[in-house]
Amino acid sequence: FFRLVGVVGAVTPKPIIINGTYINPELGKYHARLRTLARSCLDIKEKHGASQDGMYILTTESGTYYQAFCDMTTAGGGWTLVASVHENNIKGKCSLGDRWSSQQGNDQNLPEGDGTWANTVTFGSAEASTSDDYKNPGYYDISAQDVSVWHVPNNEQLKSWTSSAILRYHTDSQFLTEHGGNLYHLFKKYPVKFGAGQCKSDMGPSSPVVYDTGDKDSTANLYGPSEFESGFITFRVFNADQAAVAMCSGVKPIECNPQHYCIGGGGFFSDRQQCGDFTALEQASKHLTQSAVLLFYR
Amino acid sequence: FFRLVGVVGAVTPKPIIINGTYINPELGKYHARLRTLARSCLDIKEKHGASQDGMYILTTESGTYYQAFCDMTTAGGGWTLVASVHENNIKGKCSLGDRWSSQQGNDQNLPEGDGTWANTVTFGSAEASTSDDYKNPGYYDISAQDVSVWHVPNNEQLKSWTSSAILRYHTDSQFLTEHGGNLYHLFKKYPVKFGAGQCKSDMGPSSPVVYDTGDKDSTANLYGPSEFESGFITFRVFNADQAAVAMCSGVKPIECNPQHYCIGGGGFFSDRQQCGDFTALEQASKHLTQSAVLLFYR
Amino acid sequence: FFRLVGVVGAVTPKPIIINGTYINPELGKYHARLRTLARSCLDIKEKHGASQDGMYILTTESGTYYQAFCDMTTAGGGWTLVASVHENNIKGKCSLGDRWSSQQGNDQNLPEGDGTWANTVTFGSAEASTSDDYKNPGYYDISAQDVSVWHVPNNEQLKSWTSSAILRYHTDSQFLTEHGGNLYHLFKKYPVKFGAGQCKSDMGPSSPVVYDTGDKDSTANLYGPSEFESGFITFRVFNADQAAVAMCSGVKPIECNPQHYCIGGGGFFSDRQQCGDFTALEQASKHLTQSAVLLFYR
């Protein structure tokens, strides 16, 4: 039976600093992270001058505290990792693990699937974001202007993400400012919902990207032959059957087959084989389909 | 490759307060929340005098720290949000997302289903409690006397819960004191288990409620025609087939068809159509079935 | 509508200590836990002298903070609870809740199943580790020498784990030092993957154990008749059909039927009935199959 009644030294305070140095260096690191507590990695960089990549502590407007990874290096830094899209089973069709489309099977009664793109549900952890789907409160809470995307091979550990990424790019068009400041609000405006629009006429926002790793050609090669223009990131696109996909990462569709190069989606596709986090990307390179898509805001 | 070895300012402490003011206001808010650290929102209100609705930091008896939403307004305040029951797919029958009944299909071998009502498993987050099932350590750790229930439309954000709620009521009978001080202990005593009892003879505790939004008539209208008396909250009820439902929120059953107005349940129903977090509430109003049921303790 | 704009006392600091005593004892306990912040329970014991069993605060190398249970008593203490394997449905075959094998059904296309043994995905909570699968960052972050295993009846609460455990044992061979310092690295070296090896020739590491509760005979009795030697813990074993199981806890296989006394595994078994967290342990005693397997590092 445990002695849980008390904790040693709980009643009276104990010194944590001697001669201007933390007795416990880990506590010192923790307090350093608390001193920069903010709403986003950009605030941490601009208001508190932190410049190292790594884990920091953030808060939502409502006062929910969470830990997030900050990229303080790319294009001036200040990028908050808010989500990752990971395909755990390319043959699974809207099955368990397809949190960015539907985990409930291809179902016409669930046109929006799990609704992850436009709700406040969170899951996963930063350190596991290349091994499982990930979404933190920053996804809906942070007010941002641009996005950054890293395609990192599955199961790579945090410390080697940048070195192992096969593709990295970001927008600098500040396109999010016209759409509520983050993807949560953007997708409220452009629902990822079967039947909510037509292929070309109802395409959502698209922005050109600046490459940090790779280029337009490597992007095209990774996705394989399809009618798209690379060097963009495009949101909420319908295919010829009015099925909705969420994000065409690195490209802008030209024809009506986005399921071959866009990821995420609603809960119903006329062709069941297209339902899932990585839709119908089988023809894309394994380097791409076996990499998680990490999403940052700034 | 990241420079994660150190954190700026980790070795030596840095000032956080200048002229009696926090340099970083977010850190000030965080410290204010820590100062009221307690076992429940009622303790926070009574021992530390906090009176604002919002997120606070709580601890279990064992010393697990977690964040919870406190309603410091209703009927004197001190209410801790400990859980929410959200129906993600009214047509899904004990399928994924039915954490308050069973996610493993209607199965006679699993009479208690997932067992959520009587175990310490936790999931979800306060800020997503209208978009997904939610359960925090307070559900089993807090020692309470009464419950409060809010029916809030799906996907409403925390800041608009009270204004958008279609029904809000609480008990003041202190009925929990006779049943172990919370629903975890109540349901240990009254198992939500197929075949563990008979319809009328084995009904669990019931308490009258005081309305904060809506009334007996609006409750009856939301559930639709059925044999119940509104103005109560009732726990662990069996139907005519000995299937168990967990909570009749707002009503007390009269006849043996609780599956039409009670939610949560065990893992087996003779009629498979009744298996799920919202059992067989199809005939209830969409306002009700498309609202999450938020559970508070005091 | 909530008044969430400010938090009382946020702008200016308030005293937390009067006459050398914490005004709020819960804050005192929290600060005591922060003072011992470390990478493992062993560090907490050795560097900070904490000696009470219970919850503590740990950090990963990257600076992710998490709470963990420390056993500071057994064989000198310093044991960190990093995971638990819980069988939620012995008849479910690689179904929901089988996180330590596969939740995606018995599938030859997923030879490694969910991959949990060798990735950084985390889930569950310490206080629910006897009611659900559990894995915290310590599983992959802590650098350890030995493991300790507790078989605790399902749904037992933290405070009664030691008294209710049916079997407790630990290694003192420091075998982990040869395999990367934890099970995450051990299983990278010895993949839990269908077809990756042969029954006897490719058996992974095995170490003798020292018993803290029970003995070799009670271990043998709990598993029932099978060709194994008790008093060991063995990792990554193949059966006659090249299906992989992860951990033979308390025993070392002699013949090629590990599915009768080893747990966890890959995502495919020639005999579907063997797929699941507790593989094919039906012939084992209910005391064993209805107990969670808690895993500690030191």
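The values are calculated or read from the model by the stated rules, or taken from the named source; none is laboratory data. Please read all numbers here as calculations on a predicted model, not as lab measurements. Here the Cβ positions follow ideal geometry from the backbone for every residue, glycine too, while neighbour counts run over all protein chains shown. Ligands, DNA and RNA are excluded from the accessible area calculation, which covers all protein heavy atoms including side chains. Shrake-Rupley method; radii C 1.70, N 1.55, O 1.52, S 1.80 Å.
Some points to look at:
- If you run the Gaussian network model on chain A, springs between alpha carbon atoms under 10 Å, then out of A:LEU27, A:LEU37, A:LEU81 the most flexible one is A:LEU27.
- Dividing the helix sum by the residues of chain B, where each DSSP H run of 4 or more adds -39500 (n - 2.57), gives a mean residue ellipticity at 222 nm of -3500 deg cm²/dmol.
- Per residue, in Å², the accessible surface of chain A once ligands and nucleic acids are set aside, probe 1.4 Å: 34
- Nearest-0.05 FRET efficiency for C:ILE18 and C:SER143, computed from C-beta distance (R0 45 Å): 0.60
- Heavy-atom accessible area, 1.4 Å probe, ligands and nucleic acids excluded: residues of region B:37-57 down by at least 50 Å² from chain alone: B:LEU37, B:GLN52, B:ASP53
- Overall form of region A:82-297 per C-alpha gyration tensor (a/c, 1.5; a/b vs b/c): rounded
- Modelled spin-label separation between A:THR73 and A:ASN221, with each label point placed 7 Å from Cα along the Cα-to-Cβ direction: 2.3 nm.
- Per residue of peptide B:11-23, the mean number of Cβ atoms on other chains within 10 Å of the residue Cβ is 4.
- Gyration tensor verdict on the protein assembly as shown (Cα atoms; rounded if a/c is under 1.5, prolate if a/b is larger than b/c, oblate otherwise): rounded
- Solvent-accessible area, 1.4 Å probe, carbon plus sulfur percent, for chain C: 49
- With a cut-off of 10 Å between beta carbons, the residues surrounding C:ALA196 carry a summed charge of 0, where Lys and Arg count +1 and Asp and Glu -1.
- Local electrostatic count, B:ALA38, Cβ distance below 14 Å [Lys/Arg +1, Asp/Glu -1]: +2
- Loop-located trypsin sites (Lys or Arg not before Pro) in region A:1-106 whose Cβ has at most 16 other Cβ within 10 Å (DSSP): A:ARG3, A:LYS91
- A versus B: buried accessible surface, summed, Å² (probe 1.4 Å, to nearest 100): 3700
- Annotation: amide H-H contacts under 5 Å for A:LEU167 (H modelled 1.01 Å from N, sequence separation of 5 or more, or interchain): A:HIS151.
- Within region A:259-283: backbone nitrogen closer than 15 Å to the A:ASP202 label point (7 Å, Cα to C-beta): A:265-270
- Between A:HIS287 and B:THR177, the modelled labels are 7.0 nm apart [label points 7 Å from Cα along Cα→Cβ].
- Rounded if a/c under 1.5, otherwise prolate or oblate - region C:17-123, Cα gyration tensor axes: prolate
- Extending 7 Å from the Cα toward the beta-carbon at both A:VAL210 and B:SER51 defines two label points whose distance is 5.1 nm.
- The H on the amide N of A:GLN145, modeled in the peptide plane, is under 5 Å from the matching H of A:ARG298, each at least 5 residues off or on a different chain.
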